[in-house]
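Rule-based calculations on the coordinates, nothing more; no lab input. Only a predicted model underlies this, so the values are computations on that prediction, with no experimental measurement involved. Please note: Cβ atoms are built from the backbone with ideal geometry, for glycine as well, and neighbour counts cover all protein chains shown.
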Amino acid sequence: MLTLSNRQLSELRNIASSQNVPEALPDISHISIDSSLPVAMRLERFLRDGGNPYLFRVNNTIVHVRYGNGRVTLQERLLRLALK
């Protein structure tokens, strides 16, 4: 089983998307992961097939995943954006 330490995950999380060109990032648009698998196994397969879980590409779009402190939900943020 593939495992990453907290330090390794932190390093992956802190890679800036501006330092990467789209072509250098793995394209995960072709990845299919069985959602019936346990979470740990799904994460392992994503790491194996997609690399960095915080920074990747879907076709020509760079995706940089960040998590907030949980005070405001994604739905609330999208609503605020729509109301501007």
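Restricting to segment 50-67, name every residue that is assigned to a strand (DSSP E or B) and of a type in the set (Val, Ile, Thr). Lay out the reasoning, then the answer.
Pass one, segment 50-67, residues assigned to a strand (DSSP E or B): 55-58, 61-64.
If the condition is that a residue be assigned to a strand (DSSP E or B) and of a type in the set (Val, Ile, Thr), then 58, 61, 62, 63 are the ones that fit.
Only one residue in 43, 74 is more than 14 Å from residue 25 (Cα to Cα), of a type in the set (A, V, I, L, M), surrounded by 15 or more Cβ atoms within 10 Å (Cβ to Cβ) and without any contact (Cβ under 8 Å) to a residue 60 or more places away in the chain. Which one?
Values: 74 fails: surrounded by 15 or more Cβ atoms within 10 Å (Cβ to Cβ).
That would be 43, the only listed residue that is more than 14 Å from residue 25 (Cα to Cα), of a type in the set (A, V, I, L, M), surrounded by 15 or more Cβ atoms within 10 Å (Cβ to Cβ) and without any contact (Cβ under 8 Å) to a residue 60 or more places away in the chain.
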